[in-house]
Each structure stands twice: as C-alpha cells, then as structure tokens.
Amino acid sequence: MYQKIKHTLFSLIFFLLWARYLAMIWDPYWGGVSLDKGLALYRDWRPALTILYDVSGYLMAPVYMVYGWLAPFIPKSNWFPGMTTASVVQAITDMMSKTPGMQDKVAALQAPILKQSMVGYIDFLVVIATCFYRLMGPILDWLVDTAKNLIWNVLIEFSFTKRKEARYQEALEKRAADLMKLNVEYKNLSKEANMLAQSVITDELTKVYNKRFFLEKMTYEFKNAKDKKSVLAIAMVDIDHFKKLNDNYGHLLGDKVLKAVAQVAKGNTPADCFCCRFGGEEFAIIMPGKGPEEAVQIISKIHLSLPLLRFEDDVNLRTAASFGICIADFKSPQAQALTSFEDFIKLADDELYRAKLNGRNRIEHNHLA
C-alpha cells in the first residue's frame, strides 16, 4: 500500500515539475515578451498556468533555497540557472550558420511559428529538482522501514511475555527442523529424479547415451541444421572383428572391450557433441556445427587412442575400429535434398562400409557441400 501511495505521489510531483518546465519554454511572460506574441494558450489559460507555476514553485522551494545559499559561490553565467528560449534558438542558429553543410537548415529555425511561440524561459533548476525528488524515494523508504522496525521492536518488547517468547522460539525451532527435513527430502528426490532421467537416456553397459537418446537428438539436430542452414556431422563407429573377439575370449571380455571403447570415444568427444551406443559393437557420434576438419580431427583422436587400450585378461589384445563420417553443410542444395535424418545416417553407414572394404581400422568420410 505504501509503495503504491509513494509511486503515485512522486509521479504527480515529476509531472508537475516537467509540466512547469515545458510550459515555461513557450510562455512569453517568462521570456519577457508581450503576451500578444505568444501562443493563444498562454492568454486564455493564464489562471490555470498560474496555479501550475504556484504549485510547482512550492515543490521547487528546497532547490531554490539551496541555490540561494550557494549563489555567491557559483560563477556567473548567462545560462545558469536559466535562460530565455529565444537565446537558445539564436545560439543554435549561430552555430549552424558556422557549420559546413548546415547553413541551409538555418531557415527552419527562423520560421515565423518558432519565433512567435518559442519565446519563453528554460529553468534548469527543474532538472535539479527532479534529481532531488528521485533521491528522496530511497531516503523515504529508509525512513519508513526504520520507523516500522522501531515500532515493531517496541511492540515486541512490551507485548510478549517470557512464556510467549519461549513458545515462539520453540515453534521456530520446530519449523526450522521441519524445513531442514523437507530440504533433505527434496535434495534426495531431486537426485533420484536426475538419476532416473539419466538412466532413461544412458546405455546401461557402456554409460554413454543410448539409441533412444540418439534418435531423439538426431531428429532435433537434423531439423535444426536444415532450418538454419548450418553444418552437421555424424560418425558411425564399428569395432573391428568384434564377433571373432567374442568367440575367442568370451562375452565377459567382449563387454570390457565395449566399455573401454565407449570411454575412449566419450573422453575424446567435445562437450557440445554426443557419443551414443547405436547397437551391438557400433557407436554413433553426433557433431553439431562441426565442419570437415573439426569432425575428422575429433574422430582421428578416437581412432589413434583405441590401439593404446590394454586389458588384464590378455595384454596382447589390441582393439581397433572402422569409422564412417558424413558432414552436411545445409547451405548446399545437395545437403538440403536430404529428406530425413535416416538418409543422413545411411550416408555415414556407407562410409563405414567403405572403410571395412578398404581394410578396416581406418576413417572414410563424405562431405555434402
């Protein structure tokens, strides 16, 4: 309620101050000019203007008082605290007359309508008064808050008995304990919700994104890149001779290899890209905004890191993979011709198949540009 009253009061004050400022600019009385030369408004509405000047003058009283005290120390000038509008117009006219290219616009300032109407007075103290009342807002807030706190403290001091204070403190402590308990429960629920959300999109074995996430993310990134005509790259990764590895070493070691390959791929995938398990021994890496050089560089790091993996079950076991990359710059008609992300994935799969045919453990890529 207080804030609404304060806002209304200060809005009215600012309106009156600036109404005074604007009215004086056109008022011939304040410019020392005959009323016959001003606008008809200043002859017909003189009583209303007088009331405006009187009321706003009271509001200006603090500023006039301070100015009166400081006047002996302020250097004399022909513009502060005010000057006639005609002087301002004349000063602008003189300046434009001396400025190259502006002489032809001087006539606009010398138009009869301006000479007839802009005959008033510019009171710069109105600006200072506006700043003064703007500063009064926070000061008034502080005074009101201080008074409220003082009154409240007095009421608390003399209204509550010691027993009521004890009960109040007990209730506060109980409420604090309840809030703490609720906070702990909320954090636990939030943690469980995050874990559940992650489990829905995470492959249980390899801990990278699962195929469900891959399909949803690929749908979004393909549409986004096509609409914005940006670049999108995808890499399909297939572990070489994985079936033979399972047959020779068993599925337990095969799972360890899958986990290790997934961690290498995930560890070398930038934060703005997404490493996913596509199925079986095949992975997919979505790379939004990555051009040919960046995409190949990312996949090359994974390619070179895989042979460095070592396994306790067989220290001589080496791991390699084949990679197929497709990069589409959707500014090109060739990329825009793709109708679905499935077509885009098939192009990467074709490159993967070509890598297998060319001897495995290599990178093949296709750039639609």
Legend entry - Long-range neighbours under 6 Å by Cβ, at least six apart or interchain, first residue among the small types (Gly, Ala, Ser) within the stretch 72-93, second modelled with pLDDT of 80 or more and loosely packed, with under 15 Cβ neighbours inside 10 Å: Gly82/Phe124
Inset, instruction - Of the numbered conditions (1) assigned to a loop (DSSP other than H, G, I, E, B); (2) in contact (Cβ under 8 Å) with a residue 40 or more places away in the chain; (3) among the hydroxyl-bearing types (Ser, Thr, Tyr), Thr269 fails exactly one; give the number of that condition. - result: (2)
Inset, instruction - Please identify the pairs in which a residue from the stretch 128-152 that is among the aliphatic types (A, V, I, L, M) has its Cβ atom under 8 Å from the Cβ atom of a residue that is loosely packed, with under 13 Cβ neighbours inside 10 Å, counting only partners at least 6 apart or on another chain. - result: Val144/Tyr2
Inset, instruction - Could you check Gly250 against (1) more than 16 Å from Met287 (Cβ to Cβ); (2) touching a residue at least 12 places away in the same chain (Cβ under 8 Å); (3) of a type in the set (Gly, Ala, Ser) and say which number it fails? - result: (2)
Inset, instruction - State whether the residues of the stretch 316-332 include one that is of a type in the set (S, T, N, Q) and assigned to a strand (DSSP E or B). - result: yes
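Residues checked against (1) in a helix (DSSP H, G or I); (2) buried (at least 21 other Cβ atoms within 10 Å of the Cβ); (3) touching a Ser or Thr at 6+ places or on another chain (Cβ under 8 Å):
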| residue | (1), (2), (3) |
| --- | --- |
| Thr206 | no, yes, no |
| Arg212 | yes, no, no |
| Leu215 | yes, no, no |
| Phe222 | yes, yes, yes |
| Asp227 | yes, no, no |
| Leu232 | no, yes, no |
| Ala235 | no, yes, no |
| Lys243 | yes, no, no |
| Asp247 | yes, no, no |
Inset, instruction - Identify the residue in the stretch 280-307 that is among the acidic types (Asp, Glu) and part of a helix (DSSP H, G or I) and, among all such residues, is nearest to Thr202 (Cα to Cα). - result: Glu294
Legend entry - Listing of helices (runs of 4 or more DSSP H) fully contained in the stretch 28-105 that carry 1 or more residues being under 15 Å from Gly120 (Cα atoms), assigned by TED's automatic domain parsing to the domain that holds Leu125 and at pLDDT 85 or above: 46-70
Inset, instruction - Identify, from the list Tyr64, Tyr29, Tyr42, the residue that is surrounded by fewer than 18 Cβ atoms within 10 Å (Cβ to Cβ) and either among the aromatic types (Phe, Trp, Tyr) or more than 42 Å from the chain's Cα centre (by Cα) (or both). - result: Tyr64
Legend entry - Inter-residue pairs, beta-carbon under 6 Å, first within 19 Å of Leu352 (Cα to Cα) and in the stretch 215-239, second of a type in the set (Phe, Trp, Tyr) and assigned to a helix (DSSP H, G or I), 6+ apart: Met218/Phe341
Inset, instruction - Would you check if there is a residue in the stretch 315-329 being surrounded by fewer than 20 Cβ atoms within 10 Å (Cβ to Cβ), more than 17 Å from Asn361 (Cα to Cα) and in contact (Cβ under 8 Å) with a residue 24 or more places away in the chain? - result: yes
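The values are calculated or read from the model by the stated rules, or taken from the named source; none is laboratory data. None of these values were measured; they are calculated from a predicted model. Cβ coordinates were reconstructed from backbone atoms using ideal geometry, including for glycine residues, and neighbour counts include every protein chain displayed.
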